[in-house]
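Student: Here it is: the structure, laid out below.
The values are calculated or read from the model by the stated rules, or taken from the named source; none is laboratory data. Fair warning: this is a prediction, and the values are worked out from it, not measured in the lab. Reconstructed Cβ throughout: ideal geometry from the backbone, glycine too, with neighbour counts over all protein chains shown. Just the protein is used for accessible areas: all its heavy atoms, side chains included, with ligands, DNA and RNA removed. Shrake-Rupley method; radii C 1.70, N 1.55, O 1.52, S 1.80 Å.
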Amino acid sequence: MPGEAHTIIERFWRIQDEGDYTKLAPLFAEDAVLEDPIWGRYEGRKAILGFMTTMVAEMGERKISFTVDEICGDEHTAWARWTMHSPDGDRGGVGIYKVRGGEMIYYRDYIDPPVEKVTKNG
């Protein structure tokens, strides 16, 4: 049966689908940690808000969006399988999340490597 972490991550994805990642910052605890495989590690809600502000600009400029494919979670932990959509093609990934007291305290993404394009001559 889905618990609090599952519910919060569903809310996270509904907000993310709107495209304004800055609205995600209130879901994080003051002492939360976010680890992104491309952009690095951010500690604390203020730093996470800065990262989300960057993401709004970068993802818009690069025409990148994300959709969630599956969410599973209990009271304290959750994971989500997602797809990144870009002009260069789609890539899958997974986010893992920890929740405490109704707030996210840890979030880390893992992303599939890019698929190599095979050409006719090579």
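Student: Answer yes or no as to whether G50 is on the phi > 0 side of the Ramachandran plot and surrounded by 13 or more Cβ atoms within 10 Å (Cβ to Cβ). Quick ask: steps written out before the conclusion?
Tutor: Working: on the phi > 0 side of the Ramachandran plot: no; surrounded by 13 or more Cβ atoms within 10 Å (Cβ to Cβ): yes.
So G50 does not fit the description; no.
Student: Report, by residue number, each residue of the stretch 93-116 that is among the small types (G, A, S) and in contact with a Phe, Trp or Tyr (Cβ under 7 Å, 6 or more places away or on another chain). Outline the logic, then answer.
Tutor: Quick first cut of the stretch 93-116, residues among the small types (G, A, S) only: 93, 95, 101-102.
Of everything in the stretch 93-116, those that are among the small types (G, A, S) and in contact with a Phe, Trp or Tyr (Cβ under 7 Å, 6 or more places away or on another chain) turn out to be G93, G95.
Student: Could you tell me whether G19 is of a type in the set (G, A, S), open to solvent by less than 50 Å² (accessible area, probe 1.4 Å), farther than 16 Å from D109 by Cβ and not in a helix (DSSP H, G or I)? Step through it out loud before you land on a result.
Tutor: Values: of a type in the set (G, A, S): yes; open to solvent by less than 50 Å² (accessible area, probe 1.4 Å): yes; farther than 16 Å from D109 by Cβ: yes; not in a helix (DSSP H, G or I): yes.
Considered against the rule, which asks whether it is of a type in the set (G, A, S), open to solvent by less than 50 Å² (accessible area, probe 1.4 Å), farther than 16 Å from D109 by Cβ and not in a helix (DSSP H, G or I), G19 comes out as yes.
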